[in-house]
Amino acid sequence: MRLNFSQPPTPALSRQNTMFLNNAHHYRAGTHPHLLSSRSKPRRWPLVFRFIKGAIHGAILLPVFLHAAFTAFVVWLDQCVFETVVLPSSIIPSLSIVVGLMLVFRNQTSYSRFWDGRNNMNTIYTCVRNLVRTIVTNGYSTAGPPTPAEKEDIERTVRILMAIPFAVKSHLRAEWGAAWALGNDVAENGVVAFNPDYASLLPAGLEGHEDQGLGLPFQLTFFVDGFIKRGVERGWFNAPGASQMQAQLNSLTDAYGKMETIKLTPIPVAHLIHQKQVLALFGCVLPFGMVDDMGWWTIPMVSLVIFTLYGIEGIGSQLEDPFGYDRNDIKMDAIVGDAKTEIDVVLAEWRRLMASLEAGGHDEQHLESTTDPNGVEEKKDNKFIPPDMFLKNRARRS
């Protein structure tokens, strides 16, 4: 069993100048948010000169070499053995139409899967943001500030919401047991992606049931739903507000299910087989249509055409499953890392707010004005409204 630390470390927050400098195309400021998911460094070389990082050349070298060798054999037959082996040139345009249509369908379908996967990941992140904002701003009753047990419940739920994108990422990559160091429930592949940052977000005593077929993202939604129910009973959320929160949780689960659909529904194998065979057939027929006119120059020309066609097909193959580790896949690690960084800031600010309330640095009670039947104004000191977050001086609101 080997451990795969797929999650990049969370960067330390810092205030840095984000103004554009001279030669801005060679300069990248350390900015937040999106520090991890934005491009890490400027491109100093044009992409036309890139052959390794992000390119698919390595995956198509073998078919290009085989077709070049076959073309050389055809040219040798034409030049040295037979008088001519040329085929009618009308065959090439007919096959070109078929190959073009198949490649367009392949790439359009694959990029649609890539785009849908990224949009669904953004939906999950948006739902987590909305739920975290609602919880930290409404997690109190007008009777007084939250008790220590209630504060722990709020923080526990926020951490669980932070863990859901981690769980979705690991689930889509089939990294079972990613939050546990024990790999007994990881099978013969023996790959466990253990991440201590991820594990620290999960509730204490959590028992995973991935070995029984229950996905951890779905399992974590039960904790959030239970918190919403407790919030209604405590008077934190009214019925419409609780319904909106559950709608956000349902949208999160729906987006997670759509990403599962992309992962578990590959392109039909019949289409893949036929596409490979049509590409191979076209590459084998092409030399016979060019050899009479181009001679030995047929070899580089056929290699160029095959390089182009198999390259397009290789890009479609990479985008078919966009949740992996390829450079052209969705930056799942970076997106999840940026989400954790953002919510960490919210949680830290909420902790500071709670600490300031415990220290008694603010007038926590607001006077509620009422008028008796005789027209005398009375004031009842019984309504708690906490100060706003993210203010340097948390002045009491009127």
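Read-outs: derived from the displayed coordinates by stated rules, not from any lab. Just so we're clear, the structure is a prediction, and the values are computed from it rather than from any experiment. Counting neighbours? That spans all protein chains shown, and the Cβs are built from the backbone with ideal geometry, glycine included.
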For the range 200-307, one quarter of the surface area of the C-alpha convex hull, expressed in nm², comes to 13.5
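Set the Förster radius R0 to 56 Å, insert the Cβ-Cβ distance between Asp292 and Glu207 as r into 1/(1 + (r/R0)^6), and round the FRET efficiency to 0.05.
Working: r = 72 Å, r/R0 = 1.29.
Given R0 = 56 Å and the Cβ-Cβ separation, E is 0.20.
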Interchain or sequence-distant (5+) residues whose placed amide H lies within less than 5 Å of the amide H of Gly144 are Phe384
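Express in nm, to one decimal, how much length is gained between Val86 and Arg44 on full extension, taking 0.36 nm for each residue of separation and deducting their alpha carbon distance. Write down the numbers at each step before the final one.
Working: separation 42, 0.36 × 42 = 15.12 nm, distance 4.61 nm.
That works out to 10.5 nm of additional length.
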Simple spin-label estimate for Val104/Asn238, 7 Å along Cα→Cβ, in nm, reads 5.5
Residues Lys340, Lys169, Lys258 in order from fewest to most other beta-carbon atoms within 10 Å are Lys258, Lys340, Lys169
Burial-style ranking of 331-337, 60-66, 262-268, 197-203, average other-beta-carbon count within 10 Å with highest first, yields 331-337, 197-203, 60-66, 262-268
Of the listed links Lys258/Lys331; Lys169/Lys340; Lys151/Lys383; Lys53/Lys276, those spanning more than 21 angstrom between alpha carbons are Lys53/Lys276
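Treating the beta-carbon of each Lys and Arg as +1 and of each Asp and Glu as -1, no other charges, what is the dipole magnitude of the range 258-344 about its Cα centre, to the nearest 20 debye?
On the way: 6 positive and 12 negative charges, 40 e Å.
Approximately 200 debye in magnitude.
In Å, what Kirkwood hydrodynamic radius results for the range 129-286 from the alpha-carbon pair distances?
On the way: mean 1/r = 0.0545 Å⁻¹.
This gives a value of 18.4 Å.
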The range 309-350 and the range 106-164 have their Cα centres apart by a whole-number Å value of 18
Placing each pseudo-label 7 Å from Cα in the direction of the beta carbon, Phe51 and Arg352 end up separated by a distance in nanometres of 5.3
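When Cys284, Cys80 are ordered from fewest to most other Cβ atoms inside 10 Å of their Cβ, what list results? Walk me through the numbers before you get to the answer.
On the way: Cys284 15, Cys80 7.
So the residues, fewest neighbours to most, are Cys80, Cys284.
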